[in-house]
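The values are calculated or read from the model by the stated rules, or taken from the named source; none is laboratory data. This structure is a prediction, so every number in the text was calculated from the model and none was measured. Glycine gets a Cβ as well: all are built from the backbone with ideal geometry, and neighbour counts include every protein chain shown.
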Amino acid sequence: MQHMKTDWVLFGTVLLMVLFGLLFLYSASSITAQLDPRYHSAGHFLVRQAEWAAVAVVVMMALKKFPHHKLCRPTLAFGGIGVTLLLLGAVYFIDGEHHRWLRIGPGGFQPSELAKPALVIFLAYFVTLRGPAINSRYTLAPAALGIGLVICAVAVADLGTPIVLGAAVMSVFFLAGLEYRYCLMVVALALIGVTVFICAEPYRLGRVVRYIDPQFRILAQVDHQGHIRAWIEHSLRTRDTNYQADQSKIAVGAGGITGVGLMNGRQKLLYLPEAHTDFIYAVVGEETGLVGTLGLLAGFCIIGWRGLRAAWRLENDDFGRYLALAITMVVVVQGLLNMSVVLDMMPTKGIPLPMVSYGGSSLLCTLAMLGILMSVSERAG
């Protein structure tokens, strides 16, 4: 029997980040939840997230003990992708406005979150199976078809998740030995795809244009009649798409080095939209200052370190290596993307901060992946 030693660094970091998230979720949501006539309870969001967290931790612990090599099965790899595509197709019609949510009783579930663990397992299985012929057209063509279909299906309603998934895909294929010319082709196709999906939705284009050219001066040089600007502004729910980013920067700036104190933040009091979801990092910055934001960043760095360490040590286990790398990239890249948006380093994009933002399906899928990563890390020694 293979000797396993618990990766206490990874395990402890994940649990601390979940508890940290619950603490700041209450701080970010308690006032608005109490004032909202739909809830009338300061702890509404905390209770729901805690319930999801309890289930997610149980799932994480089960997968932590589960031998990761047993996931290397075609039924799991292709079955997971098939179910994900089915749910993504269903949510497109069921949620006609946002194409994101499958409502289950009082709650809901986002199939785009399920796409992360499903694609990670499929990716590791497929690349392990076709590793010796990774640069063959008989490998690249079906990979492009299957992976591209999932990413495009997710991108219909959510452009942040496909970027995260794309980073994981590129990392695994690069590690498997994909030639540089193919890497460049994939990057070019990805850039074209992102551009197409941005231009397909005027609100997305509006966010990007207003981020780069807030006064529309550059756009006016090519859009003399103002048709593009009118098309963009007609679709926007707010005339100032930089409002969230501006309020976020005010919050982070007000925090200084040590913050204004837990529960004492002001921007969350109806100034900063989505304070308990996509912009919770700004609340952390205001209330704990640079110390708290760097501490949270350090948590993602530790996850990245332990994941890459596991991938490096598993020299004779290709499936485990690819699994560890893909999961690490998904979690860490998503965390860095969220932080970049909050700090106004990127255009506003709705993507949660893993383990911290409010969202049950996001927390469940993230901890499921991290449970698999722990299984790999503990077997890597």
Task: Residue list for the range 30-57, restricted to those being under 21 Å from the mean Cα position of the chain (by Cα) and touching a residue at least 24 places away in the same chain (Cβ under 8 Å) - done: PHE45, LEU46, ARG48, GLN49, ALA50, GLU51, TRP52, ALA53, VAL55, ALA56, VAL57
- [ ] May I ask you to say which residue of VAL209, VAL196, VAL172 is buried (at least 19 other Cβ atoms within 10 Å of the Cβ), assigned to a helix (DSSP H, G or I), modelled with pLDDT of 85 or more and out of contact with any His (no Cβ under 6 Å at 6 or more places or on another chain)?
- [x] VAL172
Open item on the list: Whether any residue in the range 238-250 is among the β-branched types (Val, Ile, Thr), buried (at least 20 other Cβ atoms within 10 Å of the Cβ) and not in a loop (DSSP other than H, G, I, E, B) is what I want to check.
Closed with: no
- [ ] Output the residues belonging to the range 251-277 that are of a type in the set (A, V, I, L, M, F, W, C), assigned to a loop (DSSP other than H, G, I, E, B) and either under 24 Å from the mean Cα position of the chain (by Cα) or not assigned by TED's automatic domain parsing to the domain that holds ALA42 (or both).
- [x] LEU272, ALA275
Open item on the list: I'd like to know if the range 22-36 contains one or more residues that are at pLDDT 95 or above, out of contact with any Ser or Thr (no Cβ under 6 Å at 6 or more places or on another chain), closer than 22 Å to GLY307 by Cβ and surrounded by 15 or more Cβ atoms within 10 Å (Cβ to Cβ).
Closed with: no
Open item on the list: Residue under question is VAL356, and the condition is that it be within 30 Å of ARG73 (Cα to Cα), in contact with a helix residue (DSSP H, G or I) (Cβ under 6 Å, 6 or more places away or on another chain) and crowded, with 24+ Cβ neighbours inside 10 Å; does it hold?
Closed with: no
TODO: List every residue pair whose Cβ atoms sit under 7 Å apart, with the two residues 6 or more apart in sequence or on different chains, where the first one lies in the range 180-193 and is under 14 Å from ILE151 (Cβ atoms) and the second, anywhere, is surrounded by 10 or more Cβ atoms within 10 Å (Cβ to Cβ).
DONE: VAL186/MET170; ALA190/GLY166
Open item on the list: For the range 75-86, check the following and say yes or no: at least one residue is assigned by TED's automatic domain parsing to the domain that holds PHE173, hydroxyl-bearing (Ser, Thr, Tyr) and surrounded by 20 or more Cβ atoms within 10 Å (Cβ to Cβ).
Closed with: yes
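Okay, residues lined up against (1) at pLDDT 90 or above; (2) surrounded by fewer than 20 Cβ atoms within 10 Å (Cβ to Cβ); (3) of a type in the set (D, E, K, R):
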| position | (1), (2), (3) |
| --- | --- |
| HIS98 | no, yes, no |
| ILE104 | no, yes, no |
| GLY108 | no, yes, no |
| PHE122 | yes, no, no |
| PRO132 | no, yes, no |
| LEU140 | no, yes, no |
| ALA157 | no, no, no |
| CYS183 | no, yes, no |
TODO: Among residues belonging to the range 359-368 that are surrounded by fewer than 24 Cβ atoms within 10 Å (Cβ to Cβ) and among the hydrophobic types (A, V, I, L, M, F, W, C), point out the one that is farthest from LEU325 (Cα to Cα).
DONE: LEU364
- [ ] Look at the range 35-56 and say how many of its residues are of a type in the set (S, T, N, Q) and in a helix (DSSP H, G or I).
- [x] 1
TODO: Scan the range 320-372 for residues that are polar (S, T, N, Q) and more than 13 Å from the chain's Cα centre (by Cα) and report the count.
DONE: 1
TODO: Restrict the check to the range 97-118 and report whether at least one residue is outside the structural domain of ARG321 (by TED's automatic domain parsing), in contact (Cβ under 8 Å) with a residue 12 or more places away in the chain, assigned to a helix (DSSP H, G or I) and of a type in the set (D, E, K, R).
DONE: yes
